[in-house]
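Working notes, structure below.
The values are calculated or read from the model by the stated rules, or taken from the named source; none is laboratory data. Everything quoted here is computed from the prediction, not taken from an experiment. FYI the Cβ positions are ideal-geometry reconstructions off the backbone, even for glycines, and counts take in every protein chain you see.
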Amino acid sequence: MNKECSKLCINTSLRDAYSCLWRFKVNHVFISYLAFLPFSLVGILGLLDPFFLPRTSLEMVPEGYNLAFILFIFTTYLWGIPCFILWHRLYLLGPEHLWRRKIWPILTRSLVMMFKVLFLIGICVTFALILMMTLSFTIELFALDDSLTNFLELNDNEYFRYASIVSLTGLLIYFLFLRFSLAICSRSIGKRMGLLTSWKLTEKNTLRMFCSFMAILIPIIIITFVSLALYQFIFSIDLFYSGEILRTTTYIHIFVLAPVITLPLGALSSQCSSFYRHCGGEDYIKP
């Protein structure tokens, strides 16, 4: 089925996204605590201590580091994908369709989404390598440095070049995510949409989607950082930059702050869901 790209209204998209965030705030709190529960429990049991143990780069990794690292990955990045699907189901289908009796569809969708995310990361890494090679070739061609070795030593001038590469790569990731966001939303609610279909449906809305995303993410990120800073100031603690091994009370504080920490993720899911509805993804049915 061919679908034409419909024009996205930024104001309507933003109202829809903010409205969903406010209307389902209680459900957001529940999902955020569910997202942080495994990490907090494993941390309180002390199983993550070898991973967070401060050490210099020349020191050997402590005993149990590999197990702690695996547990960290499973309780954060991998566990976050099913929770990410729950946020999308909340904003696309409503709280009454948030849970399913069968857990298997959520797991299979998580695997599919993981493969799509890895595919996008692969594209962006390739793009970054191409930029690095192009920049190095240009510097060699025009003798901008005495040698390539000096370029790689990261002098003050080189920091700007690498920062430019990182910025360009970040923008590429951002725009690719916007163009493929409909496919991610579709998969989270059990529909099947290819990446190319999502690309076509968002073809003429890239700039509008970018502006809409910035208009919701920047305020939400500011609110999140201010709230975390106030919380740490009130309790005279440093949860994220202490440079020390995390204690039991630290994990408890982080768990309490889960709804605030995940607020940008909830806003991201809400905005993606709005794009899905307003760009024609809701009407898409794969034959």
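Annotations for the structure displayed:
- Some residue of the range 204-221 being within 30 Å of residue 179 (Cα to Cα) and charged (D, E, K, R): yes
- Residue ID - farthest from residue 25 (Cα to Cα), chosen from residues in the range 216-258 that are surrounded by 16 or more Cβ atoms within 10 Å (Cβ to Cβ) and in contact with a Phe, Trp or Tyr (Cβ under 6 Å, 6 or more places away or on another chain): 246
- Checked against the criterion of being within 30 Å of residue 19 (Cα to Cα), acidic (Asp, Glu) and at pLDDT below 85, the candidates 153, 203 yield just one match: 203.
- Meets criteria (at pLDDT below 90 and assigned to a helix (DSSP H, G or I)) for residue 244: no
- The range 21-51, residues that are over 19 Å from the mean Cα position of the chain (by Cα) and more than 30 Å from residue 67 (Cα to Cα): 22, 23, 24, 25, 26, 27
- Test set (1) surrounded by 17 or more Cβ atoms within 10 Å (Cβ to Cβ); (2) farther than 30 Å from residue 49 by Cα - residue 261 fails condition number: (2)
- Residues being of a type in the set (Val, Ile, Thr) and under 13 Å from the mean Cα position of the chain (by Cα) - total across the range 71-85: 3
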